[in-house]
Amino acid sequence: MTDTDPPVSIRSELVFYPGRTGGKIAAYIDRAAQPSSGGERFVVMSPKYGETKKNNLQLAYFLAANGFTVLRFDFTCHFGESEGNMLDFTLPAGVEDTLATFDYLERRFQVKNATLLASSLSALMAFKAAAIDPRIDHLVTYVGVVDFTYTMEKVYQEDLFGGHIAGKQYGVLDVLGHEVQMDRFLGTAVEHRMHNLAGTQEAMARIKCPVSMFPAEHDTWVRMEDVGAVAGAAERARIYPIEGAMHEVNENQAAADKSTRMLIAVCREHSFGDPCTPEQVRVPDKKAVFAQNKIERDRLRRARPVKEQEDAFWGKYLEKYRVMEKMDDYQQYLDLVGELLGRFNDGEVVLDAGCGNGLFGVWVVRELLEKQATKFEVPPLYFGMDLTDSGLSDALGKHAATKVGLAALPVRQAGSIDLLYSRVDLDFFGSTEMDPAEIVQLGDGCFDKIACSLLLSYLKSPDRLLKQLHRVMRPGGRIVISSMKPFCDLSAIYRDFVEQRAANRDIESARELLRAAGAIKVKQEQGYYAFFSGEELTDMLTRAGFREAQWFISLGNQATVAVATK
């Protein structure tokens, strides 16, 4: 087995089986098309909180390419294809679903033991399951949460478990994009000793099988010393730190690739007695991964259809977006976008395509009225376009207030700017598919600068928009586009903001933004949205006809920003 071997073909089978609490569990079984000569070894993969079996697809295919048969399932009462409403999800129920999965393996395959692999919050359920069930003969945790009280406090800046124990009622609460019955959620975790470090240590002390823990070096939600304390409670635990990684390991692709190979090597050594090195790990066929991902994405769309219209969705989201203007990371991002666009000249027209609630427009107004200190014979024109009426209304108010506020300063005579706005569905900008009366008609070459900030990910046809933006830009003009990175870790931005010593009300707003980002991630999983790397953004610009494209990293290292000229 070497890294230069041809990719391994994998097959996936959709299965359903009963959960211990009554709901039906949906799962996929992944195995190599050509079975391993070393005998069949099984790995059970549980999903992260708020994610589905689809999120484990790539790692499952790596395991299958290296001789394992993988069963990855969706929790019941959770996001995914299994039965039940996410509102009713609890950690102890997740433990029961995990054990039901081992019941299914034993019934169908007569499997007496298998590896259990769990990530993030599902690690708490895995610790409990492994303490109960001897069929789990190897436990692997990947960026696993070990002290739920600490993690929740870092997310909410409030001790929710302490509040619950003291009798506080929370009702229905949004947790990273999903609403749950928080009082029941917290209460069952406390009842089953799954809410704090001591409870995890107690579970770990009862685990007799080997435990392999892969914590992230820079995890915002999990302390490395807590991982060590939990590992110290087990007889056969080992820690494999993921260097350079945060809680979302795939945010750092090099760290993710290295840790994946190490995880495979550890699992092979345990299950096959094979001292495989990370360099010898075989890779699955990428085309098969992409094809299966599409199958599962389409199934997820049908299982959890999105009922809310885009303008309504973004109208609510933009309300939570306002706190960004107080974040140092976001201000540095705006400075980069403005720097890449270049200095504003007499009479130039700048388009803010997808202006949202006007945060970049505020930057433009301040730049022209306060910082650039230039008298224009013909003032530059800022033109803001967005899908939502609420966003445009907010933008207009912000920009007008900024102009009025700066008018009182001695620098008032230094600059000026005109403002214009239009409600536009940018998925249909320049399209012939809609009634012309409903589309803003713009001639060729009417803009000198174009900013398209954090928008393309949310469009059905980003390439079509970029071609239209190329059409309406004057020769020599400059465009800046951006996207959150694939597998971005917004906890980094949140952490940086908290460390700014922000006011409590602003931290609460930032927490709301973090929850809203969870809702966006759900739509990403269903294929409605896509985040782009720097290479992908520059390729998109080049295909649209722009030249000299280059990209940068910004927004707390979580966004890619690309610039090009016409």
Report task. Rank the residues K48, K258 as a footprinting-exposure proxy: fewest other Cβ atoms within 10 Å of their Cβ go first. Result -> K258, K48
Query raised in the report: 222 nm [θ] for the chain, helices only, -39500 (n - 2.57) per DSSP H run of 4+, per residue, to 500?
Result: -12500 deg cm²/dmol
Requested in this report: Between beta-carbons, use under 15 Å as the cut-off and find the net charge around R474, counting Lys and Arg +1, Asp and Glu -1.
Outcome: +1
Query raised in the report: What is the chain's relative contact order, in percent, from Cα pairs under 8 angstrom and six or more apart in sequence?
Result: 12
Requested in this report: Only Cα pairs under 8 Å and at least 6 apart count here; give the relative contact order of region 448-552 as a rounded whole percent.
Outcome: 36
Query raised in the report: How large is ³J(HN,Hα), in whole Hz, for each residue of region 215-221 in order, when computed from phi with the Karplus curve 6.51 cos²θ - 1.76 cosθ + 1.60 and θ = phi - 60°, using x for Gly and Pro?
Result: x, 7, 4, 10, 5, 5, 9
Query raised in the report: So for K566, K287, fewest C-beta neighbours within 10 Å to most, what's the order?
Result: K287, K566
Requested in this report: Sort out for me the Cα centre separation of region 118-139 from region 91-111, rounded to whole Å.
Outcome: 11
Query - Order of M182, M540, M224, M125 - criterion: other Cβ atoms within 10 Å of each residue's Cβ, fewest first - result: M224, M182, M540, M125
Report summary line: log10 I(q)/I(0) for region 10-303, Debye formula on C-alpha points only (no solvent), q = 0.10, 0.11 Å⁻¹, two decimals, reads -0.50, -0.61
Report summary line: With +1 at each Lys and Arg Cβ and -1 at each Asp and Glu Cβ, the charge dipole magnitude of region 134-281 around its Cα centre, to the nearest 20 debye, comes out at 520
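All of the numbers you see were taken from the coordinates with simple rules; none came from a lab. Fair warning: this is a prediction, and the values are worked out from it, not measured in the lab. Backbone-built Cβ (ideal geometry, glycine too); neighbour counts: all protein chains shown.
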